[in-house]
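The next block holds one structure in the form of structure tokens; read it before the comments.
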Amino acid sequence: MGDSQPRYPIRDNGASSSDPTLLKQRIDQLEAELRETKAMMAGLAGAVGLEARATIIGGGQRSAERDVKASGAVTPIPAPSSYSATLMPSPRSGRSLGADYTPPTVETLDPSLHLLLILSDSALPLGSFAFSSGLESYLTHHQSQASSVPSTPQQPPTILLRRFLSLSLSSLATTTLPFITAAYNIPNLPTHTTTHSATSSILHLSDTFDATTTCPVLRRASTTQGKALLSVWEKSLRPPPQSTPPSPVDLPTLLTSYRHQGGNDNPPHLPIAWALISLSSNLTLHQTTFVFLLNHTKAILSAAVRLNLIGPYVAQKTLAAPETLELVRRAQEVGLRVRVEEAGQAVPILDLYQGRHELLYSRVFNS
């Protein structure tokens, strides 16, 4: 190290190392070397590209310095105060967004839409997927019929499923939707000026639905899911007291009374509880009935998957098919025109299939 030569050697013209002139020249050379080093550093700092600039804006100073060292280019860089006007690439279109770029306005989510999505979620713990709505018995009887008559052609599973889905939605439209409509309208009737009078009407309507449901298997499924839905509402979905607008009929109190006052003789049913919870969630009658039918469709398709009738992809394809949407809409239109006095089973054979489900030798679903 002691024998190394200086970067800018000084010619010795015979002057002594203590010569002031020689020392002055040495100082000038060191200052020139310092200026050159600063210029090189400024050139390296100017090699920041668009990506490095975006990184600097976001706070990634270290990543920008690594990009600068790797590029080795010398490009002037704007001052830090002008970073806000620097053009940055758009991640989707590849175009640059200037300083006049205005981000899109975020729409406020309607609370009723939020609750609508929750009620339509398959993960809602109602126990509906423990029942097949008669699908398992329907398939078992068709298989036994085909095996007993050798000449009977074997039908594809999707044809059987679509036929059963159409029959089930038609049955639901005339047996259940009239009671959903009536329960939805009871708290808004002018004759009900108190919560007590509305509760009496709801209990009477629930008792009527229980009497018109002739199949014991279907009745047990309706009461089991009705209790589960009211339990989910009371433990998870019930709004705070101060958020409920003043009304002659207090819906939270009405729901609580319907859950506890019926007892074993008049247990809560799923359609009545569904209508009241949808009303308390500010859903329209159209949304209430549509989601109810859609959830029933999803339960049948889920049962078909677990019965190994179709696969999960076919189930989603069937659910998203325009034909399925048409079945749901048609059932909704029919059900909204039927009054409680006119309600009845439009597909009586479904009661037979559901009633014989508990007589099957082996079964997957509850009876």
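Every number in this text was worked out from the coordinates using simple rules, so none of it is lab data. Not measured: the values here are computed from a predicted model. Here the Cβ positions follow ideal geometry from the backbone for every residue, glycine too, while neighbour counts run over all protein chains shown.
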### Query
Any idea what the dipole of region 221-343 comes to, in debye rounded to 20, about its Cα centre with Lys/Arg Cβ at +1 and Asp/Glu Cβ at -1?
340
### Message
What distance in nm lies between label points placed 7 Å from Cα along the C-beta direction at GLN29 and THR208?
### Response
11.1
### Task
Have a look at PHE164, GLY311, LEU237 and report the one farthest towards the positive end of the charge dipole of region 111-359, computed about the Cα centre with Cβ charges (Lys/Arg +1, Asp/Glu -1).
GLY311
### Message
Report the Cα-based extents of region 111-359 along its three principal axes, largest first, to the nearest Å.
### Response
66, 34, 31
### Query
At a Förster radius of 35 Å, what calculated FRET efficiency corresponds to the Cβ-Cβ distance of ARG339 and THR102, to the nearest 0.05?
0.05
### Gain in span if fully extended, LEU359 to ARG162, counting 0.36 nm per residue against the direct Cα distance
68.5 nm
#### Entry: About the Cα centre, charge dipole magnitude for region 111-359 (Lys/Arg +1, Asp/Glu -1 at Cβ), debye
440
### Task
Describe numerically, in nm with one decimal, the distance between label points set 7 Å from Cα along Cα→Cβ at THR191 and at ALA321.
4.4
### Query
If we count other beta carbons within 10 Å of each Cβ, what is the order of PHE209, PHE164, fewest first?
PHE164, PHE209
### Task
Mind putting a number on the dipole of region 202-241 about its Cα centre? Charges go on the C-beta only, +1 for Lys and Arg and -1 for Asp and Glu, and I need it in Debye to the nearest 20.
160
